[in-house]
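Read the figures in this text as sums done on the coordinates, not as results from a lab. Owing to the predicted nature of the structure, the values given are computational and were not obtained by experimental measurement. Cβ coordinates were reconstructed from backbone atoms using ideal geometry, including for glycine residues, and neighbour counts include every protein chain displayed.
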Amino acid sequence: MPYPYFVAKRLLRSRSHNRFVSFLTFFATIGLAIGTSALLITVSILNGFQKQISENVSNFTANIEIRGFEQVPLPGYQATLRTIDGVKNVKSASPFVSHEAMIRVHRTHYVNAPETDGILLKGILPGYDNSSLRNEIRQGRYDLSDAGQMSPLIIGEKLARRLEVNVGDTVFVFGIEGLPSPLNPPRVMSFVVTGIYETGMSEYDDLYGYTNMKSASYLFDMPSDNVTGFDVMVKDMKEIGATSDTLQNVLGYPYYPRTMYQMYRNLFAWIQLQKKPIPIIIALIIIVATFNIVGTLLMIVLEKMNAVGVLKTLGATRGAITRIFLAQGAFIGALGTLLGSGLSYVLLEIQKRYDVIHIPGNVYFMNTVPVSMHAADFILIGGVAFTLSLLASYLPARAAASLDPLESVRFY
């Protein structure tokens, strides 16, 4: 081991340190650890928000949604399906019929719950369904087949709780087109609730209801070969924009494809806005912590001035003295960075496994704080924190190397 690092090791292990210097060393290390941990936790949570919202939106709706201009029905969906499936990067396509409707519960006794509410009814073909609906069922089963005299209906957990509806209950859905009047009566169908789903995203759990496309077409008085649109899933999300443009060129008017980023532009813009300033602000904590290292090492230099004078008298060069105190700064930086990284990993892992922190789903589109840890973030942030602490150690190290040996020895 080169003697500068041997001396630095002995100085760090020395028990003759001034208590005030030891106090400063401790808090410099803890300050760097807290700054590193705070930055890693913030970045991991923001990554979690972006990942969770993207997955919820894409899995439960579609990567690309194709509708008609001004919501006009799209005819001949079988031929259109074949055209869509032939487009490069398209993984699957699912036709659907959807429209706003009113859902009503007939009660034989009084309960403190509304009898009527709004719903966005979506009729799909179970064999073509490419959403994650079947995986989100919390009560009942994923069953959209016609069984008996009533059509099946799957509704969100939040809507079911508000209406106080359970699996097996009968509800009535009114298909409204325009302003209801004696000349324009709404169509009414009875449905049996076969399942209740929960995504954790209030926008879906509170509004969407699912049935088969045959029932939805009848309720909304739509020809059997017409659809409202298509849900398209892609193979490579990086090519989603190009795939949308290709679909527009291939299908032409009146087909109008939109990506999930266009449909939920405000949501994804909010995520990006959150990610930009917060890491910069919290990075300042690390910078402040590195300045603590400067003060700590300067105090160590003052305390060890006599030792520096002895070393220089014995022939130690300025470069060797510089490396001694750089090694001490590197140790503080490495220890603080490792402690911060370890602390953030433990806290994030606890949240990831046990969902300790809950948030309102109607505001954040999920019920718990999401976490997405990336090794690259730990390496990058840890590397930056260590590099800054090493750079901060250079000034005290050069100050120690510049001390005059005679003055240093005489000072003590």
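Quick one: how many lysine pairs in the chain have C-alpha atoms under 21 angstrom apart, if they're 8 or more apart or on different chains?
Eligible lysine pairs with Cα atoms under 21 Å apart amount to 17.
Note the listed values [x] 5, 19, 23, 20, 16, 10, 6, 2, 0; [y] 4, 17, 19, 16, 11, 10, 9, 7, 4, 1, 0; [z] 5, 21, 30, 26, 14, 4, 0, then indicate which one is P(r) over Cα pairs in 10 Å bins from 0, in percent calculated from this particular structure.
This structure yields the entry labelled [y].
Taking the number of other C-beta atoms within 10 Å as the exposure measure, put 198, 115 in order starting with the fewest.
Neighbour counts put them in this order, fewest first: 115, 198.
Once whole DSSP H runs in the chain are found, which of them have Cα atoms spread over 27 Å or more along the helix axis and a mean Kyte-Doolittle score of at least 1.6?
Values: long enough: 19-60 (60 Å, 0.93); 277-303 (40 Å, 2.39); 318-354 (54 Å, 0.69); 375-401 (38 Å, 1.41).
Those that clear 27 Å and a mean of 1.6 are 277-303.
Taking neighbour Cβ counts within 10 Å as the exposure measure, how do 67, 141 sort from fewest upward? Could you put the intermediate results ahead of the total?
Working: 67 20, 141 11.
Final ranking by Cβ density, sparse to dense: 141, 67.
Given 0.36 nm per residue, what is the gain on full extension from residue 269 to residue 379 after removing their alpha carbon distance, in nm?
Contour length minus Cα-Cα distance gives 36.9 nm.
Given only helices, namely DSSP H runs of n ≥ 4 each adding -39500 (n - 2.57), what is the per-residue ellipticity at 222 nm of the chain, to the nearest 500 deg cm²/dmol? Intermediate values should be presented prior to the final figure.
Numbers: 15 runs with 218 residues, N = 412.
So the calculated ellipticity at 222 nm is -17000 deg cm²/dmol.
Going by C-beta contacts inside 10 Å, put 66, 285, 332, 350 in order with the fewest on the left.
With the fewest neighbours first, 66, 285, 332, 350 line up as 350, 285, 66, 332.
Express the relative contact order of segment 73-253 as a whole percentage, based on alpha carbon pairs under 8 Å and six or more residues apart in sequence. Please report the intermediate quantities before stating the final value.
Details: 358 pairs, mean separation 62.3, N = 181.
That works out to 34 percent.
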